Amino acid sequence: MTQANFVKEVVVTDPDSKAEVELSVFKHSNGAMFAMDSSWLEQCPPEDDEDPIVIRDLFEPEGQLMLFGL
């Protein structure tokens, strides 16, 4: 299982709806940076508040990714 660390939140404009959207930016352990819709992440709470959120790894199709620092 790989991990990614939270970097910061940024606000962008959705090109379709023109609404402002908050994105959470992460640094993956492979060196890549990526962002995800913060509201989506709120729907993926860990079982315990001390645990990281675990999602499918964006860069390794069969892997899982732990998100730290939220």
Under the Karplus relation with 6.51, -1.76 and 1.60 and θ = phi - 60°, whole-Hz ³J(HN,Hα) for the stretch 14-19, x at Gly and Pro, equal 5, x, 8, 8, 6, 7
Beta bridges by DSSP in the stretch 2-68, antiparallel share as percent, to the nearest 5: 80 percent
Please rank Glu50, Glu60, fewest neighbouring Cβ atoms within 10 Å first, as an exposure proxy. Glu50, Glu60
Options (1) 5.8; (2) 5.1; (3) 12.5 are given for mean projected area of the Cα convex hull in nm², and the computed one is (2)
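No lab work stands behind these numbers, since they all come straight from the coordinates. It should be emphasised that the depicted structure is a prediction, and the values quoted were computed from it without experimental measurement. All Cβ positions, even for glycine, are placed from backbone atoms using ideal geometry, and neighbour counts span all protein chains on display.
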